[in-house]
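The structure appears right after this line, and notes come after that.
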Amino acid sequence: MTEKTPRTSGDDAVRGASPVIVGNEPGSFAWGVLAKRHPALIRQVRDAFPLGRQQREAFDALLDEITNGVVQPLDPAEHDHERWADWGQEHFGRSWYDAPFLWAEGYFYRRLLGAVGYFGTGPWQGVDPFAPFKQAELRGAAVDEELRALDTLASAAAEERATALLHASLWGNRADLGFQVSAGEPAVADAAAVLALVADDSATLWQLLRAGTSATVAVVADNTGRELIPDLVLIDHLLQHRHAEQVVLHVKPHPYYVSDAMTADVVDCLRRLTEAPNEAGRIGGRLWAAMAAGSLEVRTHPFFCAPLPYEEMPEDLRKEFVGATVTILKGDLNYRRLVGDRLWHPTVPFAERTAYFPGPVAALRTLKSDVIVGLEHGTLDALERSGAAWRTSGTHALIQVRL
């Protein structure tokens, strides 16, 4: 069933732009995240840990607030109170459903971390509330199968292997744990029947990354586990076959959306690779050595956990991206922040929406939200005629590049 188009915020006519997505239209994707996914996630995290009474009460209060109440500000004692007060001054005291969807999602995860005590001074400081879900996925049979598949791929021609690894990195985004909370992961046979690239600029991406160049590639990661492992395997290919001299992998500074990757998750994935037999183990060993040598570097920035578009990125982060031959942004959230979380007409050019970005930029994204730009008219017509929820079901994907 096709999801409803979400309502939009009231000040969009003043802004003179496509409307900002909010979650106040029952049946829309944004509404479903706020009304179903977030309450389910609160219950999952609460059940995954032996939380004390104060923490359980904080979770209950957050659940009641997002279900029946209005958005409350952070306690003034919180370390980032002023930052969120600035970002949320227009939204506090209003329904969660009337706030911009991008902001509401980001603030929900900040509040969830607060309920756990992640930023406090007590014994739960720094405890990742999503770690049990990440670890279960990383140890799962699906990862074993995907690592074994690398043995077959190792004998393929370099160009064929490059294409396969790029697509593995792209489609790995379907393993987003937060998406699975409400959608459920499709069976392999069903997924294979409906997978489709709605835009494919991969040839342009490989032109930027011709073998033998001294390219520096920035990769802004999205999820850990079954998405980050294919990302790391692709990075190994870029370095080994001299498509890049250096790769900088940007991750989150602290837990954000359910399966978002942090430095600890990179290390966990590298260990998973190095401990695997055959080709996966060899790839893990090369990546481990690349980090020691500096040809693979992990970096982070507070802006990666901000509920803001990349158009508002701070100057120091802009300088990071200016120096890259190309910046590859992974996943749905990065895409929403890249082009703006608005109801753009799907044929608005990707280059137009990313003209502000400091240098060439590529998006590798599985579609799991309403935002989409850069489609050809014929492609859009065919998708709309299909009657499927192609924007949000995770069954379609894109590779878009702006030089």
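Just one residue in the set ARG83, ARG110 is under 19 Å from HIS254 (Cβ atoms), of a type in the set (D, E, K, R) and surrounded by fewer than 16 Cβ atoms within 10 Å (Cβ to Cβ); that residue is ARG83.
The number of residues in the range 247-269 that are in contact with a helix residue (DSSP H, G or I) (Cβ under 6 Å, 6 or more places away or on another chain) and either over 28 Å from ARG37 (Cα atoms) or not assigned by TED's automatic domain parsing to the domain that holds GLU145 (or both) comes to 1.
Residue-wise test of (1) within 18 Å of the chain's Cα centre (by Cα); (2) over 19 Å from LEU249 (Cβ atoms).
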site: THR327; (1), (2): yes, no
site: ASN334; (1), (2): yes, no
site: ALA362; (1), (2): yes, no
site: HIS377; (1), (2): no, yes
site: THR395; (1), (2): yes, yes
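Screening the candidates ARG365, ARG402, ARG299 for the property of being among the charged types (D, E, K, R) and surrounded by fewer than 19 Cβ atoms within 10 Å (Cβ to Cβ) yields one hit, ARG299.
Does the range 179-193 include one or more residues that are of a type in the set (Ser, Thr, Tyr), closer than 30 Å to VAL45 by Cβ, modelled with pLDDT under 90 and assigned by TED's automatic domain parsing to the domain that holds GLY378? The answer is yes, given that some residue of the range 179-193 is of a type in the set (Ser, Thr, Tyr), closer than 30 Å to VAL45 by Cβ, modelled with pLDDT under 90 and assigned by TED's automatic domain parsing to the domain that holds GLY378.
Scan the range 24-57 for residues that are more than 17 Å from PHE130 (Cα to Cα) and hydrophobic (A, V, I, L, M, F, W, C) and jot them down. Once the filter is applied, which keeps residues that are more than 17 Å from PHE130 (Cα to Cα) and hydrophobic (A, V, I, L, M, F, W, C), the range 24-57 yields PHE29, ALA30, TRP31, VAL33, LEU34, ALA35. Among the candidates ALA382, ALA388, the residue that is of a type outside the set (Asp, Glu), touching a strand residue (DSSP E or B) at 6+ places or on another chain (Cβ under 9 Å), more than 29 Å from HIS243 (Cα to Cα) and surrounded by fewer than 17 Cβ atoms within 10 Å (Cβ to Cβ) is uniquely ALA388. Of the helices (runs of 4 or more DSSP H) lying entirely inside the range 100-154, those containing at least 1 residues that are among the polar types (S, T, N, Q) and within 25 Å of LEU63 (Cβ to Cβ) are 131-138. Is one or more of the residues making up the range 67-88 closer than 30 Å to SER393 by Cβ, touching a strand residue (DSSP E or B) at 6+ places or on another chain (Cβ under 9 Å), of a type outside the set (D, E, K, R) and part of a helix (DSSP H, G or I)? Within the range 67-88 (the criterion being closer than 30 Å to SER393 by Cβ, touching a strand residue (DSSP E or B) at 6+ places or on another chain (Cβ under 9 Å), of a type outside the set (D, E, K, R) and part of a helix (DSSP H, G or I)), the answer is no, since none of the residues qualifies.
Condition first: in contact (Cβ under 8 Å) with a residue 60 or more places away in the chain and in the same structural domain as MET262 (by TED's automatic domain parsing). Can you find one or more residues in the range 352-363 that meet it? There is at least one residue in the range 352-363 that is in contact (Cβ under 8 Å) with a residue 60 or more places away in the chain and in the same structural domain as MET262 (by TED's automatic domain parsing).
Quick one: in the range 309-323, of everything that is closer than 16 Å to ALA355 by Cα and among the aliphatic types (A, V, I, L, M), which residue is surrounded by the most Cβ atoms within 10 Å (Cβ to Cβ)? My answer is MET313. Restricted to strands (runs of 3 or more DSSP E) entirely inside the range 286-368, no element has at least 3 residues that are of a type in the set (D, E, K, R).
The values are calculated or read from the model by the stated rules, or taken from the named source; none is laboratory data. Computed from a predicted model, the values in this text were never measured in an experiment. In this analysis, Cβ positions are derived from the backbone assuming ideal geometry, glycine residues included, and neighbour counts consider all displayed protein chains.
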